[in-house]
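Working notes, structure below.
The values are calculated or read from the model by the stated rules, or taken from the named source; none is laboratory data. These figures come from a predicted structure and were not determined experimentally. Quick reminder, even Gly has a Cβ in these numbers, built from the backbone with ideal geometry, and neighbours come from all protein chains shown.
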Amino acid sequence: MDSKLEQFQLKYQQGQALLDRGQYRSSVKTLEEAKSLVNPSSKLGGEVQLSLVTAYQGINKLDDAIAICEELTRHPNLAIRQQSQRILYILKAPQLKRPEAWMTKIPTTNSEDNPTPRYIQAKPATKPIEKPSLNLEDISQMDTKDNGFIGLALGLFIVVIGALIWLS
């Protein structure tokens, strides 16, 4: 295998692993290095650039992500063009404003003197549903009222059998 291709594979895999772990800044750096080792017009070049789009989104560089996507809409590989068009549609979609009540402030640890609140989406607090426990030894808790199902099923069975005999 070509040395340059081996380096690309290594950088690309490292960049993907960093991206999967949410280490977007490191991922951008590593994926940019991988991009420089491959022809951007190749399928591998398109794939690494699509990963870069995700990494740029992670560090809030939406303009850079959009620029890459717009460039990829003219990529020679059809699958890369189609994927970039789908992502570009999402990136350019209007952002919805979330109510403050849906967000939880979490201070970042980058500076102890001046923590900057970060927002994450939180689920509304709900009380867990308590399921009534049924003790198998206590049959008095069971609903033993006849709902007529067996009689209805038996009657329907007799009608079907009668119709089959009559038609024969």
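Can you tell me which residues in region 87-103 are surrounded by fewer than 11 Cβ atoms within 10 Å (Cβ to Cβ) and either within 27 Å of GLN49 (Cα to Cα) or touching a residue at least 40 places away in the same chain (Cβ under 8 Å) (or both)? Listed by number, the residues that qualify are TYR89, ILE90, ALA93, PRO94, GLN95, LEU96.
Restricting region 80-125 to residues that are at pLDDT 70 or above and assigned to a loop (DSSP other than H, G, I, E, B), the residue that is farthest from ASN39 (Cα to Cα) is PRO99.
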